[in-house]
Amino acid sequence: MKTHPALDAWLDRIICGDALEVLPQLPAESVDLVLTDPPYFLDKLDERWTPERVARRAYKSQTVFHLPPGMKFAPDQGRRMYEWYLRVSQQVYRILKPGGFFFSFGSPRLYHRMVCAMEDAGFHLRDTFLWLYTQSQPKAMSLNHFIERLDLEEEQKQALHAKLAKWKTPQVKSCFEPIAVAQKPPEGTFLENFLKHGVGLFNTAVRVGLNMFPANVLLVEGVEEALDKYFLVPKPTSRERGAGYLHPTAKPLALCEHLIELSTVEGAVVLDPFLGSGTTALAARNRKRHFIGIDLNPEYVEIAQRRLESSSLPLF
Ligand SMILES: C[S@@+](CC[C@H](N)C(=O)[O-])C[C@H]1O[C@@H](n2cnc3c(N)ncnc32)[C@H](O)[C@@H]1O
């Protein structure tokens, strides 16, 4: 597949910078797929995310210290996410070829704001994929700390502890991440668009589980025979390495490779404006696609570069 000539300087590179400053520099209608996992706006994990801010866990002004990142609830988080992601999505819309897909991971809590931003930028929401997993830490908190702070006699506190021993803050174990499947409106029919731009269809030769038709539920770990049969994306075991990479929200390589193969042809250009440890870039390269990665954080850019360098597959 021929790439847009004005993209030459961008191909197979990772750019360190704010996505909202870098994206406007990319040529219009030049990218085949945007696959990304943006900041979820759950307190410190926002557009100003840094490892230091994420690691700093004490909230001095609050009664509860050591609240893990992502735990603080504030009603304006969704509104802030929407306003910021609308601007991001408008840029993604401009850069994508007609019919190009925009896959965006989201959090179950603020997903609705994310997809509204994508839709308001002009995208057609075609589906929601669910990435299911079982390995997850429950985040619900016990009430012991709060009971201790009540102005009560010791005996009353003990009674309350006993009564509320199993009651916790309203969070069950989180076991899925939604992935919004949006599409820039195609030009003409799907076929006309595909013949002209090389995007806009799904490749159903890409199979999951025991040679099954691709589904909108995805697993990357074996869970149970019947589920694995329909939804398991095979792990690229030997390639999932990458010396010394560390990112708090790294996505499975197998999942990204699956989404890339499903929605693009070889030689296509895959952009991730929130690259983190470089999963999308590595997945694109493993599947013989070009990548363009952006991340605000120099530490993550370095991790992503190292990860790509330590992978044995050649660049284009
Ligand atoms: C959820 S993580 C992506 C993780 C990635 N999928 C992986 O597998 O490693 C989001 C990334 O967005 C980056 N980020 C946050 N705000 C940004 C901005 N305004 N522009 C570019 N990158 C940003 C963060 O540094 C973080 O690495």
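Laboratory data are not the source of any read-out in this text; all were calculated from the coordinates shown. None of the values given here were measured: they were computed from a predicted structure. Don't worry about glycine lacking a Cβ; one is built from the backbone with ideal geometry, like all the others, and counts go over all protein chains shown.
When you filter the trypsin sites (Lys or Arg not before Pro) in the range 4-49 for DSSP loop state and at most 10 other Cβ atoms inside 10 Å of their Cβ, you are left with 48. The shape of the range 267-316 comes out oblate: with a ≥ b ≥ c from the C-alpha gyration tensor, a/c is at least 1.5 while a/b does not beat b/c. A full extension of the chain between residue 190 and residue 230 corresponds to an added length of 11.7 nm, given 0.36 nm per residue minus the alpha carbon distance. Each of residue 153 and residue 139 was given a label point 7 Å from its Cα along the Cα-to-Cβ line. The distance between the two points is 4.0 nm. Which of the three applies to the range 110-238, rounded, prolate or oblate, going by the alpha-carbon gyration tensor with a ≥ b ≥ c and a/c under 1.5 meaning rounded? Verdict is oblate for the range 110-238. In the elastic network of the chain, a GNM with C-alpha springs shorter than 10 Å, the most mobile of 169, 189, 134 is 169. Each DSSP beta bridge with both residues in the chain is either parallel or antiparallel, and the antiparallel ones are about 45%. Considering helices alone, the calculated mean residue ellipticity of the chain at 222 nm is -9000 deg cm²/dmol, with DSSP H runs of length four and up weighted by -39500 (n - 2.57) and normalised per residue. Once the C-beta distance of residue 173 and residue 29 is scaled by a Förster radius of 41 Å, the resulting FRET efficiency is 0.45 to the nearest 0.05. For the range 258-297, the relative contact order is 45 percent, taking Cα pairs closer than 8 Å that sit 6 or more residues apart in sequence and dividing their mean separation by the residue count.
The GluC sites (Glu not before Pro) of the range 176-238 that meet both conditions, a loop assignment by DSSP and at most 10 other Cβ atoms within 10 Å of the site Cβ, are 224.
When peptides 152-161, 104-113, 74-83 are sorted by average Cβ neighbour count within 10 Å, with the highest value leading, the order is 104-113, 74-83, 152-161.
What helices does the chain hold that run 15 Å or longer along their axis, going by alpha-carbon atoms, with a Kyte-Doolittle average of -0.5 or more, using DSSP H for the helix calls? Taking the DSSP H segments of the chain (at least 15 Å long, mean hydropathy at least -0.5), we get 253-263.
For a test of the definition: using alpha carbon positions, the gyration tensor, and the 1.5 limit on a/c, classify the chain as rounded, prolate or oblate. Since a/c reaches 1.5 and a/b is larger than b/c, the shape of the chain is classed as prolate. The simple Förster model, with R0 at 22 Å and r as the Cβ-Cβ distance, assigns residue 265 and residue 128 a FRET efficiency of 0.35. Taking the average, over residues, of other Cβ atoms within 10 Å as the packing measure, peptides 22-32, 174-184 rank 174-184, 22-32 from highest down.
Note down the magnitude of the dipole of the range 148-270 about its Cα centre, charges +1 on Lys and Arg C-beta and -1 on Asp and Glu C-beta and zero elsewhere, to the nearest 20 debye. Present the calculation step by step, with values, prior to reporting the outcome.
Values: 14 positive and 16 negative charges, 27 e Å.
Here the range 148-270 has a charge dipole of around 140 debye.
Using C-alpha pairs under 8 Å with a sequence gap of at least 6, the mean separation divided by the residue count of the chain gives a relative contact order of 24 percent.
For the range 220-227, 3J(HN,Hα) computed residue by residue from phi via the Karplus equation (6.51, -1.76, 1.60; θ = phi - 60°) reads 10, 10, x, 10, 6, 3, 5, 5 Hz, glycine and proline entered as x.
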